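Peer 1: Right, I'll just put the structure down here and ask away after.
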Amino acid sequence: MTLINLSGIHSETYRELENDELPATGESVLVSLGQLQENSTSIFELTSSVGVIVNTETPYADLEEFVGRVAFVDIRFPVFGDGRGFSLAVRLRKDFGFKGEIRASGHVLPDQALFLLRAGFDSVDAPDERHEAFEAALKRFGAFYQTDMIGHGKSVAHLRHSADKDKSATQKAG
Amino acid sequence: MYAYDTFDRNIIDARVAEFRDQVERRMKGELTEEEFRPLRLMNGLYLQLHAYMLRVAVPYGTMSSKQMHRLADIATKYDKGYGHFTTRQNIQYNWPKLVETPDILTELADVEMHAHQTSGNCIRNTTTDQFAGATRDEVEDPRPYAELIRQWSTFHPEFSFLPRKFKIAITGAGQDRAAVKWHDIGLILRKNTEGEIGFEVIVGGGMGRTPVIGKTIREFLPEADLLSYLEAILRVYNEQGRRDNKYKARIKILVDALGAEEYGRLTEAEWHKIKDQHIDVPEEEVARIKAFFTPPPLPVLSDDVEEVDTFARENFIFKSWLENNTNPHKVLGHVNVTISLKPHDGIPGDATDAQMHFVADLAEKYSQSEIRVSHEQNLILPHVAKKDLPEIWKALDANGLGSANVGLLTDMIVCPGMDYCALANARSIPIGQAIADRFDDIRRLQDIGPLKLKISGCINSCGHHHAGHIGILGVDRRGEENYQISLGGSGAEDATKAALLGPGFDEHGIVDAVEKVVAVYLGEREEGEEFLATYRRLGPTPFKEAVYDAD
């Protein structure tokens, strides 16, 4: 498994901590939200950088106290159809203004690449043999009907009535 | 009608290319059926009992003659020469080959049609009043808003993997012909005291095994805020809707669990956070879309047309047809004509390729090349001059489409049932046909008057039996098909849930039961009282006695 870069932002590989393990000094680690909630003080003191793993069921409010302090959030999909992960990413961006990396892991499909990117994800942790399909899926569409996390607030509806209309309209999809 | 611009064109072409690639990967074995399934479903492709089924969207039930001709051509070329118009104002093809489906989508895209999100756990085709923009009792044409919703909901980055499917319906008329209160979200166009346009917003309606009538969470939402408000409703549902049990996953279950008031509060709180985030489109965009729906320039004529009256006096079927199958148009001297797809011995909602071409030709000649599909599975020619009616009816009649039964007992909604559907527990179509046989005479039907009969072949209730004045549900009882009868449902503005009358019947018994119910009504009705009103006045007891006492 290696990372697929969706947005241009992605972090180095972090070591995932075991359940009750504490990080070594200066290490970059990936920890579950539960661990972070229990040991936040020592984890943030010891490490140089922290990524937090959350599952799709996590209420977004639980992340608020950490958004300013973690480098990235890893949202684990138990199954590709669990759309809560998409709302969670949107919340992180819109409600908390999270600027760090958002990563999708677990069960996601290559054909979801653009949905993920547009909901605010930066990267996907997926099997190597899937990378090509992810890359292909990312190039499929050139414009979208909704405002999203990557469109600088411009949906097709906005582009139709803006100055850069001609350029975007002629941009051929995939 | 809405016409695509370069943006729309690029998006639909990219989607077809994507699906072609997905089908190729499936054929080569690079995708398992399990992985392919969600992808094909988002393009309306189901695996049914005998074959694949492709459900093509007719956005808000409006199409052109050109599009109808193309639907007919597809039926000829890729199917067995017919299609089935559905309660979601869509059309289904029952026999496409998987390898040919990308070609079908290409041919559809060529006429600005698609199968986007006609299936899957996403926002489905927005349905509306079949007479939208043409009927006399309308506040505002709902179709521009339905088109706005179509675009906003297409490949939505956040709401394409919902707990369950999601259906939105919108009406702009006083009389609700779109069953909006039976939808996940129902929208009713209103004008406030300042004359501004807005929506009453209803959430949590739905049929299936837990029938619920939607509840109003906002009396008046300004039109400019529609999409951000929908986004707020959907976000609450996407986050909190149940995902552990697909039968409890629709929004109605969440609204019931939280209470409509709380759901409304959560929606409002979310909406206040997001309403200035450019989710709603600029004013110019609303104006751009509305311009596509400018009413056709029709001359104001007289509603009294001598030759129509004369022909009606000569021909009883035409007289009934005039009464049942036409709806007053906004412009005097015009009507909207409903073409019944419930001919005797036919399959409700089915149309052959020849009939589709014929209707498309009629529309070119008489209805501004415009055709509508109703959720009651009929076709509509809007904007028809009254003086043309005798000629139109004669042409329809000569092509097996002259049935005068719109709104009457044999104008049934019938789901495909076990003849086609993988989910069904019982056949629906033969039951509908047996009932139509029993009530064959137009004079008798005319005497019985408006009566909505709806049949579902399983608890998923695609046949809308919960909203039937008479609803029939087919179930499997120890390996035998068994049919339960319910009474008193309504899909109109006075929406009610039909109540189960008693134990079920076999396929012959159910026809007798319907006849006994109708006999009670005929015996008990007061002057001018329709079936539903009589049932509401009397309650179930006399019907129950008539249906079960003889045993």
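Peer 1: Return a yes/no flag: does the range A:73-93 have any residue that is under 24 Å from B:Pro157 (Cα atoms), of a type outside the set (D, E, K, R) and away from every other protein chain (no Cβ under 14 Å).
Peer 2: yes
Peer 1: Scan the range B:157-183 for residues that are within 14 Å of chain A (Cβ to nearest Cβ) and either without any contact (Cβ under 8 Å) to a residue 12 or more places away in the chain or farther than 18 Å from B:Tyr247 by Cβ (or both) and jot them down.
Peer 2: Of the range B:157-183, the ones within 14 Å of chain A (Cβ to nearest Cβ) are B:157-166.
If the condition is that a residue be within 14 Å of chain A (Cβ to nearest Cβ) and either without any contact (Cβ under 8 Å) to a residue 12 or more places away in the chain or farther than 18 Å from B:Tyr247 by Cβ (or both), then B:Pro157, B:Glu158, B:Phe159, B:Ser160, B:Phe161 are the ones that fit.
Peer 1: Residues that are more than 10 Å from chain A (Cβ to nearest Cβ), of a type outside the set (D, E, K, R), crowded, with 20+ Cβ neighbours inside 10 Å and out of contact with any helix residue (DSSP H, G or I) (no Cβ under 8 Å at 6 or more places or on another chain): does the range B:17-26 have at least one?
Peer 2: no
Peer 1: Give B:Gln67, B:Gln92, B:Gln117 a once-over and let me know the one that is assigned to a strand (DSSP E or B) and either in contact with an Asp or Glu (Cβ under 9 Å, 6 or more places away or on another chain) or crowded, with 17+ Cβ neighbours inside 10 Å (or both).
Peer 2: It is B:Gln92.
Peer 1: Please specify each residue of the range B:212-237 satisfying the condition of being under 19 Å from B:Gln151 (Cβ atoms) and either over 23 Å from the mean Cα position of the chain (by Cα) or more than 14 Å from chain A (Cβ to nearest Cβ) (or both).
Peer 2: Across the range B:212-237, the qualifying residues are B:Leu221, B:Glu223, B:Ala224, B:Asp225, B:Ser228, B:Tyr229, B:Glu231, B:Ala232, B:Arg235.
Peer 1: If I ask for residues that are surrounded by fewer than 23 Cβ atoms within 10 Å (Cβ to Cβ) and of a type in the set (Val, Ile, Thr), which ones from the range B:348-378 would you list?
Peer 2: Answer for the range B:348-378, where residues must be surrounded by fewer than 23 Cβ atoms within 10 Å (Cβ to Cβ) and of a type in the set (Val, Ile, Thr): just B:Thr352.
Peer 1: Here is a follow-up. Could you please let me know if A:Thr56 is among the polar types (S, T, N, Q), under 22 Å from A:Asp125 (Cα atoms) and assigned by TED's automatic domain parsing to the domain that holds A:Glu101?
Peer 2: yes
Peer 1: Turning to a different aspect of this structure: For the range A:52-72, which residues satisfy the criterion of being crowded, with 21+ Cβ neighbours inside 10 Å and within 14 Å of chain B (Cβ to nearest Cβ)?
Peer 2: Answer for the range A:52-72, where residues must be crowded, with 21+ Cβ neighbours inside 10 Å and within 14 Å of chain B (Cβ to nearest Cβ): A:Val54, A:Leu63.
Peer 1: Something else now. So which residues in the range A:72-114 are within 22 Å of B:Arg15 (Cβ to Cβ) and either touching a residue at least 60 places away in the same chain (Cβ under 8 Å) or out of contact with any His (no Cβ under 8 Å at 6 or more places or on another chain) (or both), if there are any at all?
Peer 2: Our first condition is that a residue be within 22 Å of B:Arg15 (Cβ to Cβ); within the range A:72-114, this holds for A:80-81, A:83, A:86, A:108-114.
If the condition is that a residue be within 22 Å of B:Arg15 (Cβ to Cβ) and either touching a residue at least 60 places away in the same chain (Cβ under 8 Å) or out of contact with any His (no Cβ under 8 Å at 6 or more places or on another chain) (or both), then A:Gly81, A:Gly83, A:Phe86, A:Val108, A:Leu109, A:Pro110, A:Asp111, A:Gln112, A:Ala113, A:Leu114 are the ones that fit.
Peer 1: Looking only at the range A:118-163, how many residues end up being at pLDDT 90 or above, within 18 Å of B:Ser153 (Cα to Cα) and acidic (Asp, Glu)?
Peer 2: 0
Peer 1: Could you tell me which numbered condition B:Lys66 fails, if it satisfies all but one of (1) of a type outside the set (Gly, Ala, Ser); (2) within 14 Å of chain A (Cβ to nearest Cβ); (3) touching a residue at least 12 places away in the same chain (Cβ under 8 Å)?
Peer 2: (2)
Peer 1: Right, another one. Please tell me if B:Gly471 is free of Cβ contacts under 8 Å to residues at least 40 places away in the same chain, not in a helix (DSSP H, G or I) and not assigned by TED's automatic domain parsing to the domain that holds B:His344. Break it down stepwise before answering.
Peer 2: Working: free of Cβ contacts under 8 Å to residues at least 40 places away in the same chain: yes; not in a helix (DSSP H, G or I): yes; not assigned by TED's automatic domain parsing to the domain that holds B:His344: yes.
Yes.
Peer 1: Now, a different point. Quickly run through the range B:319-330 and pick out the residues that are in contact with a Pro (Cβ under 8 Å, 6 or more places away or on another chain) and surrounded by fewer than 21 Cβ atoms within 10 Å (Cβ to Cβ).
Peer 2: If the condition is that a residue be in contact with a Pro (Cβ under 8 Å, 6 or more places away or on another chain) and surrounded by fewer than 21 Cβ atoms within 10 Å (Cβ to Cβ), then B:Lys330 is the only one that fits.
Peer 1: Scan the range B:180-211 for residues that are under 17 Å from the mean Cα position of the chain (by Cα) and of a type in the set (A, V, I, L, M) and report the count.
Peer 2: Number satisfying all stated conditions: 5.
Peer 1: Also, I was wondering about something else. Suppose the filter is at the interface with another protein chain (Cβ under 8 Å from one of its Cβ atoms) and modelled with pLDDT under 90; does A:Lys172 pass it?
Peer 2: Yes: the conditions hold for A:Lys172.
Peer 1: Could I ask something else about it? Scanning the range B:246-277 for residues that are at pLDDT below 95 and either buried (at least 17 other Cβ atoms within 10 Å of the Cβ) or away from every other protein chain (no Cβ under 13 Å) (or both), which turns out nearest to A:Asp95 (Cα to Cα)?
Peer 2: Among residues in the range B:246-277 that are at pLDDT below 95 and either buried (at least 17 other Cβ atoms within 10 Å of the Cβ) or away from every other protein chain (no Cβ under 13 Å) (or both), the one nearest to A:Asp95 (Cα to Cα) is B:Ile274.
Peer 1: Ok, one more. If I ask for residues that are acidic (Asp, Glu) and crowded, with 22+ Cβ neighbours inside 10 Å, which ones from the range B:223-238 would you list?
Peer 2: B:Glu231
The values are calculated or read from the model by the stated rules, or taken from the named source; none is laboratory data. Bear in mind that the values here come from a model prediction, so they are computed numbers and not experimental data. Counting neighbours? That spans all protein chains shown, and the Cβs are built from the backbone with ideal geometry, glycine included.
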